[in-house]
Structures are given as structure tokens and as C-alpha cells.
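S.K.: If you scroll down you'll find the structure; I have some questions about it.
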Amino acid sequence: MRQHKHKQINRILTSIVASMVALTALSQDTGERPKLVVGIVIDQLRSDYIDLLQARFGEDGFKRLMRDGAFLENVEFDVPDLDIASGTALLMSGAYPNVNGIPCSYVFDRKHDKPQYILADPSAMGNFTDDAYSPAAYRVSTITDELRLHTSGMGAVHSIATDPQQAILLAGHAANSAFWINDATGNWASTTFYRNSPQILSGRNYRLPLASRLDTMSWVPAIPLDNYPDILSFKKYYPFRYIYSSSDRDRFRKFKKSALANSEVTTVAIEYLNTLKLGKRDQTDMLCLGYTATPYSYTYDGDGRVENQDLYIRLDRELGRLLSEIDRSVGLGNAMVFVASTGYYYDSTRPDERFNIPTGEFYPNRAISLLNMYLMAIYGNGQWVDGYFNRHFYLNHELIKERSLSLEELRAKSSELLRQMSGISAAYTFEEILNNPASAEARALHSGTVPDYCGDVVVDVSPGWVIMDTDGNDFDESKLIRTNVVNTPVFIMAPSVKPQKISVPVDAAAIAPTISSILRIRSPNAARQMPLSLGY
């Protein structure tokens, strides 16, 4: 009798466990498409900083992403001169710059012999800004475009970032809206390219303008100084404090690089979720956000290691605040969230001379003068070099054509001279980059080069050297050359994604197809990688 009761109890327990397993499997993947997608791209996010600061993080930010989603620890972007624009474009399109059309944030305009923003478009008027941008240079479709196509435009797509070009690259071509913070006024700005912008941010510009609040804000340490790991002892006694006074003409630019900017993005994102009812309609909606994890270049003493760590600690809190709101609003079981880095890290701090680190200064203007004199000695008087920008030298095509000379020959001659200049470790002609590149470096240049913007000769400046800005324009600046690679992460959390950590390198071009696969929509039209298998 007792044995029979035990068998009954065991059967009941087995049924309960089986039911729990079935319910768990159902909750993990209901087979339904998420009602809300939140895509977050964080400029210069690093895996090692996340690992270093885990003990200082809360439970609802990075830890939640690692606990409940897939953590891709080392996503590779094999692109030279990677920046916020090219990194974001690659992630959202699944294609490299030579295909997607976005090699970097700024390009040289041959017609006017000067640099310009890659997304500059005079045909698109600014809204709360004098700047004109559109995604016209973006030559392929994106995750957001494919989602809008899949829902026949019924699913809403919005983008919010501090940087204008990142906001547009996140939004793609078919989004309802893209907004960013204007450098001159602090207003949330947009472009008339997007026709269905909500009134939320224009209302916020009048009701709660950043210009009226910024004087009251200050960036100070979020935790006691003794609690920051891996910092010099003297840094523990002098807490930083950054204010953004109305007397500082660059205060909005400085604010956008600070940890406080991420809080502003989160606040606006939550307002979007609640006001627009994103994720609560019949079709899948998507909200794209741009955060920053860039080294703070406005530090008082040039050593920003405390500021960098504080930025991550505050960023973790913002992610926690956002994820909690998504859970409260639509439920994380009905949502997909992915967080990605732009794939690079730029530390502009020059080493102190007393440490004798090999270095030098490369002056582009001097190189232009020497190159022009060299070409005049061979081909006669004339202005043979049109200009220089971002390691690209541009020759005067009109003069070369007028003299009935071979453009390929002048490129080769220019490359020969440039290779001999101090500070230049390599030089590649247009043909070497685009036509059957032989070396690994040339192949990387090939995938990262758009012919319309490519110079006639592209040079590599030696690591440790500084490219000196002598033009004083808004696009070029003195730049310390470092070629070291850093681990950059991607997190993907969705009901159908199994919690896991992947440490082997993953090609960044695989992220867009993977997101599309989870959403069960087509991959962007130039994405060639197979999606990663992250399911149960």
C-alpha cells in the first residue's frame, strides 16, 4: 500500500516536472515574432572593460544580458580606419564598406577639394538644425529596412542617438524617424528625409530643452574613488568633476562625449516606448539607440582611466533602467534586445616623452609640397596634388588629363616617393587596393574602400607617430596612430536565444543576418554571411 502511494506520488511529480519543462520550453520560444526589437549600438564598447567592472555592475544591465542572452565576446571588424559611422553601417547592413558605401564618417569631396560628412545631403533640410543629412550614401538595405518591408510599413522604426550620422545609419532608409543632439544648440534635431517623425522630441525641445538644464548638470564619480579597480593611487584622492557652463561654446559637444549623454538617450527612449506604445501593436516595432563608451578626450590631466570606468558603471545603470522599462512595458518575453559595439577603440593620449617611446610627427601639408615638387620635376610645372585627407592623397585628374598623361603612372610615381618619407610605413595606389590586392593589408583596405571617395595613393603612418592637423578644419585633427586590436562584444537576448558565451572570433558581418534570422525576416540585401545558430 505504501509502495503504491510512492508510485502515485512519483507519477504526480513526474507530471509536474514534465509540465514545468513544457512550460519552460514554451516560454523560451513560442514561435511568435517578438513584438518589440530594441537595437543598441555603443561607440567603442570593449569586452575587457565589461570583464574588469563586473563586480561593480548591478543585476539588471550587462549581467542580465550575459545571464539571459548570448554574449559574443570577440566580434571582428576587419576594416581600416573604423569609426562610429563605418562600424554602425557594417552592423546594420551585414556588408563591408566597399559594398555598403560607408567607409568612414568623413570623406574628401573632390568637386570642392574639401572634406565633408559622408551623409551630407543638401537636398534634405534639417529640422532644429542647419545641417542637412540623409542616408543617400548608404547603398544597401539594413535590418530596419527589411523589418519595415516585412510589415508593409505597419511596424514603426525609430532611431535616437547623440551623433547625427549614427542616428541615420541606425534608422536606415525606411524608418519613421531619426533624431540626434545638435552640437550648436543642444536641441534634438532631425532631417526632413524621414516623413513620419513623432512630435515627442520637438515638444521636448520647447518643454525641457537641454540648453536650460545643462548648467545644472555635472559629471562626478558614481561610486567612491577607492572602489574603482586598476587605477593609480593618487587618482583616488582627486575626484573629477565636469560641468557644462553656458559660457563654453563647445559645451554640447563635450556633453555628448560624457557619461551623462547616455542618460539623456535612455530617458528619451523610455518616453518613446510609453508614448508611442511601441511593442503593443499587431506588428513588430523597432527602436534603435546610440550610446557612447568613448574615452573622454576633455580630461583635465590627460589620464581618463577613472572617467572611462565611471562611464561603464553609469552605462550599466542605463541599460538596467532601459531593460527594466521594456520588461514592465511589453515584457522581455515579447522583446528582442541586442547590444553591439562599433568595433574599435581610439585612445588619443600621447605617451610622456620621459618614457622614450618611439614617435614622430607626420605633416600632410609638407608631404603634399614634397610630392608636388617631385611630380613637377618629372612632368613640368603645375599643381599636381589636389589635397590630402585621412591618409589619402588626391592627384589633380584634370591636369593629368590635360597633359595627356597616364593617371596610373602618376599614382605609381607618387607611391614610390611617399614610401620614402619618414613616418610612412606603406603606400598603396588606387589600383593596388581595388584590383586583386595581394597582401592582407591591401585586402583589408579593399573591403574598407569605396572607389568614389578613395584617394589616388593611400598611406600607412607608422604606429606611435602623430598625424598633425595643420588645416584647422572641423573634420581633420591631430591623430595618434595605434594599430592594436581590442575585443568588442555583442549581446543578443530574445525568447528563442539560448543563454551562452561565445569566445571564438565572430565576423561582424554575421550580426545582421543573425538578427534577421531571429526575427524571421529577410537579411539585408548585401549580407552574405550565414546567421549564427544561437537557439535552443
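S.K.: Hey, which aspartates and glutamates would be in cross-link range of Lys401, C-alpha to C-alpha under 15 Å, not counting anything within fewer than 8 residues on its own chain?
M.R.: Asp386, Glu409, Asp456
S.K.: Round to the nearest 10 and report in Å² the accessible area of Arg204, as given by a 1.4 Å probe over the protein chains' heavy atoms.
M.R.: Spelled out: Arg204, probe radius 1.4 Å, area about 20 Å².
S.K.: Okay, next question. What part of the accessible area of the chain, given as a whole %, is carbon or sulfur when the probe is 1.4 angstrom?
M.R.: Values: 12000 of 24340 Å².
Percent of accessible area from carbon and sulfur atoms in the chain: 49.
S.K.: Let me ask something else. Using the Cα atoms of the range 130-214 to build a convex hull, what is its mean projected area in square nanometres? Don't jump to the answer; show the numbers that get you there.
M.R.: Numbers: hull surface 22.5 nm².
If I average the Cα hull's projected area over directions, I get 5.6 nm².
S.K.: Ok, one more. Please report Rg over Rh for the range 345-436, where both radii come from the alpha carbon positions and Rh follows the Kirkwood definition. Could the numbers behind the result be given before it?
M.R.: Numbers: Rg = 15.9 Å, Rh = 15.0 Å.
For the range 345-436, the value is 1.06.
S.K.: Let me ask something else. Using the Cα atoms of the range 241-360, I'd like the radius of gyration and the largest Cα-Cα distance, Dmax, both in angstrom.
M.R.: 18.6, 64
S.K.: In whole Å, how far is the Cα centre of the range 353-392 from that of the range 229-299?
M.R.: 39
S.K.: Could you name the lysines whose alpha carbon sits less than 16 Å from that of Lys498, not counting residues in the same chain fewer than 8 places away?
M.R.: Partners found: Lys63.
S.K.: Return the Rg/Rh ratio of the chain with Cα-based radii and a Kirkwood Rh. Numbers along the way, then the final one.
M.R.: Working: Rg = 25.6 Å, Rh = 25.1 Å.
Here Rg/Rh amounts to 1.02.
S.K.: Quickly rank 432-438, 422-428, 245-251 as a protection proxy: mean count of other C-beta atoms within 10 Å, highest first.
M.R.: On the way: 432-438: 14.9, 422-428: 17.7, 245-251: 10.7.
Packing order, densest peptide first, comes out as 422-428, 432-438, 245-251.
S.K.: Rolling a 1.4 Å sphere over the protein heavy atoms, what is the accessible area per residue of the chain, to the nearest Å²?
M.R.: On the way: 24340 Å² over 536 residues.
Normalised by residue count, the accessible surface of the chain is 45 Å².
S.K.: While we're looking at this one, here's another question. Using a 7 Å offset from Cα along Cα-Cβ at Glu409, what residues in the range 439-469 end up with backbone N under 14 Å from the label point?
M.R.: Backbone N within reach: none found.
S.K.: How do Ile84, Ile243 stack up against each other in accessible area, from largest to smallest, with a 1.4 angstrom probe? Write out the running numbers ahead of the final one.
M.R.: Details: Ile84 25, Ile243 90 Å².
Sorted by accessible area, descending: Ile243, Ile84.
S.K.: For the peptides 39-45, 318-324, 530-536, 85-91, what is the packing order when you average, over each peptide's residues, the other Cβ atoms within 10 Å and list the highest mean first? The partial results should precede the final answer.
M.R.: On the way: 39-45: 24.0, 318-324: 21.3, 530-536: 14.3, 85-91: 28.4.
Going from most to least packed, we get 85-91, 39-45, 318-324, 530-536.
S.K.: Separate question: With label points built 7 Å along Cα→Cβ from the Cα atoms of Asp352 and Lys498, find their separation and express it in nm.
M.R.: It works out to 5.1 nm between the two label points.
S.K.: Quick check: with the 1.4 Å probe, what order do Ser406, Ser123 take by accessible area, largest first?
M.R.: I get Ser123, Ser406, largest accessible area first.
S.K.: Figure the gain on full extension for Glu398 and Glu271 (residue separation times 0.36 nm, minus the Cα-Cα span) and round it to one decimal in nm.
M.R.: Numbers: separation 127, 0.36 × 127 = 45.72 nm, distance 5.35 nm.
Going from the current span to full extension adds 40.4 nm.
S.K.: Charges on Cβ only, +1 for Lys and Arg, -1 for Asp and Glu, centred on the Cα centroid of the chain; of Phe128, Ser523, Tyr453, which one is farthest towards the dipole's positive end?
M.R.: Looking along the dipole axis, the top candidate is Ser523.
S.K.: If you don't mind, another one. In deg cm²/dmol, rounded to 500, what helix-only [θ] at 222 nm does the chain give when every DSSP H run of at least 4 residues adds -39500 (n - 2.57) and the total is split over its residues? Present the calculation step by step, with values, prior to reporting the outcome.
M.R.: Values: 18 runs with 186 residues, N = 536.
Here the helix-only value at 222 nm equals -10500 deg cm²/dmol.
S.K.: Moving to a separate point now. Just to be sure I understand: of the beta bridges DSSP finds with both ends in the chain, what percent are antiparallel, rounded to 5? The partial results should precede the final answer.
M.R.: On the way: 32 of 63 bridges.
Looking only at bridges with both residues in the chain, the antiparallel portion is about 50 percent.
S.K.: Hey, another quick one. If Met92, Met421 are ordered by their accessible area, calculated over protein heavy atoms with a 1.4 Å probe, which sequence runs from highest to lowest? Please report the intermediate quantities before stating the final value.
M.R.: Numbers: Met92 0, Met421 30 Å².
Sorted by accessible area, descending: Met421, Met92.
S.K.: If you count only protein heavy atoms and use a 1.4 Å probe, how large is the accessible surface of Glu408, to the nearest 10 Å²?
M.R.: Accessible area, nearest 10 Å²: 110 Å².
S.K.: Using the basic label-point model (7 angstrom from Cα toward the beta carbon), what is the Thr192 to Asp327 distance in nanometres?
M.R.: The two pseudo-label positions are separated by 4.5 nm.
S.K.: Still on this structure, please answer the following. Compute the distance in nm between two label points, each set 7 Å from the Cα along the Cα-to-Cβ direction, one at Ala377 and one at Gln116.
M.R.: 3.7
S.K.: Please find the FRET efficiency linking Ala136 to Met217, where r is the Cβ-Cβ separation and R0 is fixed at 35 Å, and quote it to the nearest 0.05. Don't skip to the end; give the middle numbers.
M.R.: Numbers: r = 36 Å, r/R0 = 1.02.
Efficiency computed from Cβ-Cβ geometry: 0.45.
S.K.: Here's another thing I want to ask about it. Considering amide H positions built from the backbone, and no H for Pro or chain starts, which residues 5 or more places from Asn187, or on another chain, come under 5 Å of its amide H?
M.R.: Sorted by chain and number, the residues that satisfy this are Asn182.
S.K.: Between Leu232 and Ser123, what length comes free when the chain is fully extended (0.36 nm per residue of separation minus the Cα-Cα distance, one decimal in nm)? Let's see the in-between values first.
M.R.: Details: separation 109, 0.36 × 109 = 39.24 nm, distance 5.14 nm.
Separation in residues times 0.36 nm, less the Cα-Cα distance, equals 34.1 nm.
S.K.: Under the Kirkwood approximation applied to all pairs of distinct alpha-carbon atoms, what is the hydrodynamic radius of the range 178-326 in Å? Mind dumping the intermediate values first?
M.R.: Numbers: mean 1/r = 0.0587 Å⁻¹.
With all distinct Cα pairs of the range 178-326 included, I get 17.0 Å.
The values are calculated or read from the model by the stated rules, or taken from the named source; none is laboratory data. Since the model is a prediction, treat every value here as computed from it, not as a measurement. Virtual Cβ from ideal backbone geometry, glycine too; neighbours counted across all protein chains shown. Each accessible area value is taken on the protein alone, full model and side chains, heavy atoms only, with ligands, DNA and RNA left out. Shrake-Rupley method; radii C 1.70, N 1.55, O 1.52, S 1.80 Å.
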